[in-house]
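Since the structure comes first, as structure tokens, the remarks are kept for the end.
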Amino acid sequence: MTVRRARRGAAATGDADEARRAEGDFRARLREGAGFEGPPGARAWAELDLDAVRANARRIRRSAGVPLLAVVKADGYGHGAPAVARAALEGGASRLGVATAAEALALRQAGLTAPVQVLGSFLDSEADLIAQAEASFTLHEEQDLRRVAAAAWRAGRALPVHLKVDVGMGRHGVDPRSAARLLAEAQRCPGVRVAGLMTHLPCAGAPDPAISREQISAFARLVAWARREGLCPPQVHAAASAALFRFPEARFTQVRSGIAVLGLDPGGWAARADVHLRPALSLRARVMRTRVVARGVAVGYGGRWTARRPSRLALLGIGYGDGLPYGLSGRGAHALLAGRRCPIVGTVMMDYALVDASDLPRAPRPGDVATLVGRDGEGRILLEEQARKAGLIPYAFATGLGKRLQRVVRGMQLSPPARVRRAA
Ligand SMILES: Cc1ncc(COP(=O)(O)O)c(C=O)c1O
């Protein structure tokens with residue numbers, strides 16, 4: 001058929017030549033326009049742009065004016081922890097934060113030597129692993145002090161801890177009324193080196209700033225007391241991404257940031273502080289098939305979408321098995337093809353999603369690349385937009401990206417191996 005088309009084209013008039021050129025241009029745009037080459041044979045992939053991570057870390061660091069701890073838990077919010085961690089450090093982050101002992105060890109196994117803090121609660125069985133990873137602990141309750149002291153005795157060296165005060169999150173952390181006593185106790189405890197005093201703000205992105213201001217003040221009073229008593233550790237930290245841009249008084253001696261390092265700005269706080277972040281992740285899938293369905297035909301599971309006109313549907317090789325949320329079904333979400341928005345129609349399936357490509361000037365072909373998150377020419381779909389349409393927060397969208405999804409990392413730099421710098 002292609003040959004026949006080509007022959008017809010050869011015999012055609014200038015108009016037909018023109019049309020063929022346009023067709024060729026459009027095809028090239030669909031296939032290679034923005035240089036989207038996934039891994040060989042991949043039908044769906046996530047692209048991680050490390051230059052964006054570096055730039056974000058640099059901008060956050062500069063805007064905050066204090067050291068940055070880059071939070072890379074949950075595999076760097078689904079973006080790939082070792083690569084994000086390395087790029088954040090190259091961009092100026094000083095430390096890394098994870099949730100679990102296993103995540104700290106994984107960073108070490110990947111060759112990362114920067115100070116790491118396990119920000120999460122830990123089980124007795126995790127304490128020795130945190131010590132092995134040369135990471136610092138976060139104390140969330142009185143018994144944690146005993147757990148760390150025991151692990152220090154087994155490790156034969158003092159272990160660094162950060163005391164976490166609960167100013168309102170209500171999940172873990174020491175009550176502010178007992179924090180002063182526990183801080184004093186930790187400072188005296190053999191085998192424990194108090195490296196930090198911290199809190200986490202639960203409502204930093206909430207419309208009313210009053211609650212966060214009150215919580216920051218409660219923490220600041222404790223810090224002031226600790227300073228007066230000579231008990232204050234070197235690192236004092238409270239602000240994550242939203243708070244670090246919104247409440248400068250919450251920056252203390254360090255900020256912690258996960259989502260903003262990835263270029264996501266869920267509440268728009270970075271933009272309001274005139275800090276422009278670059279999204280680090282793009283999500284793409286190839287067209288598997290296209291077909292034209294007649295008006296009135298229902299498609300997909302449950303027949304939840306019916307063609308209102310003869311429609312050209314493109315079947316994309318990405319589904320909820322890859323992390324494209326099922327919640328995008330019937331929610332007015334889009335994918336980009338050749339830079340143009342095409343509605344996602346019907347239900348998102350385990351391996352596929354359908355888009356209505358009827359309004360494209362030409363039919364896409366198998367192998368063409370669709371963008372679910374990211375840029376394609378003039379078109380752009382933010383992860384925040386897809387998350388909102390799926391009824392998710394951006395954190396949940398990103399961490400939900402599946403194992404089957406292939407990965408492309410751009411902007412890798414070779415850095416020389418170094419000795420582990422023990423966590424502080
Ligand atoms: C204790 C702590 N600090 C910092 C962060 C980073 O938050 P964000 O990704 O909003 O910067 C988290 C993430 O949940 C956290 O649990």
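Readers should treat all values here as calculations from the given coordinates under stated rules, not as data from a laboratory. If you're wondering where the values come from, they're calculated on a predicted model, not measured in any experiment. Please note: Cβ atoms are built from the backbone with ideal geometry, for glycine as well, and neighbour counts cover all protein chains shown.
Grab the Cα-Cα distance for residue 175 and residue 396, subtract it from 0.36 nm times how many residues apart they are, and report the gain in nm with one decimal.
The residue 175-residue 396 span can extend by a further 76.7 nm.
Quote the Stokes-Einstein diffusion coefficient, in whole µm² s⁻¹, for the range 95-253, based on the Kirkwood radius over alpha carbon pairs, a temperature of 37 °C and a viscosity of 0.692 mPa s.
206 µm²/s
How would 253, 100 line up from fewest to most surrounding beta-carbon atoms within 10 angstrom?
Fewest-to-most Cβ neighbours within 10 Å comes out as 253, 100.
Given charges of +1 on the Cβ of Lys and Arg and -1 on the Cβ of Asp and Glu, with all other atoms neutral, how large is the dipole of the chain about its Cα centre, in debye to the nearest 20?
Here the chain has a charge dipole of around 920 debye.
May I ask what percent, to the nearest 5, of DSSP beta bridges between residues of the chain are antiparallel?
50 percent
Would you mind estimating how fast the chain diffuses translationally, via Stokes-Einstein at 25 °C and 0.890 mPa s with the Kirkwood radius over Cα pairs, in µm²/s?
After rounding, the answer is 104 µm²/s.
Quickly rank 254-262, 275-283 as a protection proxy: mean count of other C-beta atoms within 10 Å, highest first.
Highest to lowest by the protection proxy: 254-262, 275-283.
List the trypsin sites (Lys or Arg not before Pro) within the range 44-140 that fall in a DSSP loop (any state other than H, G, I, E or B) and whose Cβ has at most 11 other Cβ atoms within 10 Å.
none
Under 5 Å between amide H atoms, partner at least 5 residues away or on a different chain: which partners does residue 347 have, H built in plane at 1.01 Å?
Under 5 Å from the amide H of residue 347: 301, 304.
Roughly how many nanometres apart are two label points built 7 Å out from the Cα toward the Cβ at residue 58 and residue 410?
With each label placed 7 Å out from Cα toward Cβ, I get 1.7 nm.
Per 0.36 nm of contour for each residue apart, how much would the distance between residue 132 and residue 359 grow if the chain were fully extended, relative to their Cα-Cα spacing?
76.0 nm
Using Cα positions and a limit of under 20 Å, work out the lysines in reach of residue 403, with same-chain residues fewer than 8 apart set aside.
Once the sequence-local lysines are set aside, what remains near residue 403 is 73.
Determine the percent antiparallel among the DSSP beta bridges restricted to the range 95-253, to the nearest 5.
0 percent
Can you find, among 290, 242, 324, the residue sitting farthest towards the positive end of the charge dipole of the range 238-341, where Lys and Arg contribute +1 and Asp and Glu -1 at Cβ?
Farthest towards the positive pole: 290.
For the range 222-346, what are Rg and Dmax over the alpha carbons, in angstrom?
23.6, 78
Which of 161, 373, 66 moves most in a GNM of the chain, Cα contacts under 10 Å?
Fluctuation is largest for 66.
Given 0.36 nm per residue, what is the gain on full extension from residue 157 to residue 221 after removing their alpha carbon distance, in nm?
Between residue 157 and residue 221, full extension yields 19.8 nm more.
Report the residue, chosen from 146, 227, 407, that carries the largest GNM mean-square fluctuation when the chain is represented by alpha-carbon nodes joined by springs under 10 Å.
So, out of 146, 227, 407, the one fluctuating most is 227.
Could you tell me the relative contact order of the chain? Use alpha-carbon pairs under 8 Å, at least six residues apart, and round to a whole percent.
19 percent
Remind me, relative contact order of the range 143-238 in percent, using alpha carbon pairs under 8 angstrom and six or more residues apart?
Once normalised by length, the contact order is 31 percent.
Based on the mean of other beta carbon atoms within 10 Å per residue, what is the order of 389-399, 129-139, most packed first?
Ranking, from highest mean packing down: 129-139, 389-399.
If I model a spin label at residue 188 and residue 143 as a point 7 Å from the Cα along the Cα→Cβ vector, what separation in nanometres do I get?
Rounded to a tenth, the inter-label distance reads 2.3 nm.
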